[in-house]
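Have a look at the structure below before the remarks.
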Amino acid sequence: MRYKQQQSTVLEPDMTPMIDVVFQLIAFFMLVTNFEQTQADERVKLPSDQLARPPEVAREKVLVVNIGFNRNREGEKTDPQAYIFEGDELIPVLDFGRRLKEEQRVANALYGPDGVKEMTIEIRADAETPTGLIQELIKLSQENGFEKFSLRAKQLVK
Amino acid sequence: MGQRRSRVSATKIEAQMAPMIDVVFQLLIFFMLTLKIIPIEGDFNINMPLGKQATESPDVPIPPIKVRLTANADGTLAGVQFRQVSLGNDNLAFDRLNAEIGKLVGRRDNPYLDELEVEIDADYNLHYRHVIAAVSASTGYVSPQTGQVIRYIEKVKFAPPRRPAG
């Protein structure tokens, strides 16, 4: 019997389709990743509304204030008191005036004497926040020279 | 003298794919881990310079359109009132409010449209979601034909807070 001598061959897989797919995935994730909303706090359960639409032109001078409750994993409130979230710090709404005063100083230093008037306070408040606290926050802000406010809500798509 | 030419053999240079694939996978994993699916957020603008809160300035020819929102003890909606008329407290209360304000505003070429202002007067403990619903119902509607937002009132303000007694 004669044996045919087989040549040892190294199979090189074609990488091109895989690289194509991986680049497509990277492009997808880069597009959907939102780096802008870094100031939004996930603990805040915003109300939703059909008319809530993102502004056509992005605001330049913005101070985001997140108001919400301490909630457990099931989403139930563990504390009836609403707080302003600043990282891990929880500030009662009525005590926020001192912080607003600092923000006023910073805005004036950065943008001039009218800087504080041009700055918009974006209020991201939990749907169950007592309205009186939002009004108190607006009043405290007015006392520190802020005039523009925006009430944030999730866009409801029907 | 005979010239000798060195014969250069054509060699195929293969690019090293392994490091690129490593980096690409690192990038992919980074984007996958940092991805947060955030619902689209919108907002309602409110201009409230100090001193204009709940004061009817004589310079303003048209008084604000007052919307009163009352709350139950637990913060749920007890009622919506528009010009002293109760519009109920069910899901349709804000639709009624929208219709009433639409009637008041009238045609979109109303010359006083830019001067109209809505004042939301809510109980202190009312849940904020109802205020958003009232602001939304007072300022415009979504066209059923085009799905576009039609805004008829741009100015919204709040009455002073109704602090609980004591």
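Readers should treat all values here as calculations from the given coordinates under stated rules, not as data from a laboratory. Given the structure is predicted, the values throughout are model-derived calculations rather than measurements. Please note: Cβ atoms are built from the backbone with ideal geometry, for glycine as well, and neighbour counts cover all protein chains shown.
Couple of notes before you dig in:
- When DSSP beta bridges are restricted to pairs lying wholly in segment A:37-155, around 40% turn out antiparallel.
- Mean-square fluctuations from a GNM of chain A, with a 10 angstrom spring cutoff on Cα atoms, peak among A:23, A:85, A:96 at A:23.
- Of A:78, A:131, A:16, the one that fluctuates the most in a GNM where chain A has Cα springs shorter than 10 Å: A:16
- Förster radius 35 Å - calculated FRET efficiency between residue B:146 and residue A:60 (Cβ-Cβ, nearest 0.05): 0.70
- Among the listed pairs A:139/B:103; A:45/B:66; A:77/B:155; A:61/A:139, those beyond 25 Å (Cα-Cα): A:139/B:103; A:45/B:66; A:77/B:155
- Taking label positions 7 Å along the Cα-Cβ direction at both residue A:28 and residue A:43, the computed distance is 3.4 nm, reported to one decimal.
- Between segment A:72-94 and segment B:65-90, the Cα center-to-center distance that results, in Å: 27 Å
- Amide H partners (placed H, <5 Å) of residue B:117, local residues excluded: B:65
- Amide hydrogen neighbours beyond the local backbone of residue A:63, cut-off 5 Å, H modeled: A:120, A:121, A:122
- Think of it as helices only: each DSSP H run of n ≥ 4 in chain A is worth -39500 (n - 2.57), and spread over all residues that comes to -9500 deg cm²/dmol at 222 nm.
- A cut-off of 5 Å between modelled amide H atoms, ignoring neighbours fewer than 5 places along the same chain, links residue A:50 with A:156.
- Reachable aspartates and glutamates, given that their alpha-carbon falls under 15 Å from the alpha-carbon of residue A:154 and they are not under 8 places away in the same chain: A:41, A:42, A:49, A:122, A:126, A:128, B:41, B:43
- Overall form of segment A:10-158 per C-alpha gyration tensor (a/c, 1.5; a/b vs b/c): prolate
- For segment B:116-158 versus segment A:102-123, the gap between their alpha-carbon centres in whole angstrom: 27 Å
- Candidates per trypsin sites (Lys or Arg not before Pro) in segment B:102-166, loop by DSSP, up to 13 other Cβ within 10 Å: B:107, B:108
- Our coupling estimate for segment A:17-33, obtained by passing each phi through the Karplus curve with A = 6.51, B = -1.76, C = 1.60 and θ = phi - 60°, is x, 5, 5, 4, 5, 5, 5, 4, 5, 4, 4, 4, 5, 5, 6, 8, 5 Hz, Gly and Pro reported as x.
- In order along segment B:82-97, phi translates into HN-Hα couplings of 10, 6, 6, 9, 6, 10, x, 9, 8, 5, 8, 4, 6, 5, 5, 4 Hz, rounded to whole numbers, per the Karplus curve 6.51 cos²θ - 1.76 cosθ + 1.60 with θ = phi - 60° and x for Gly and Pro.
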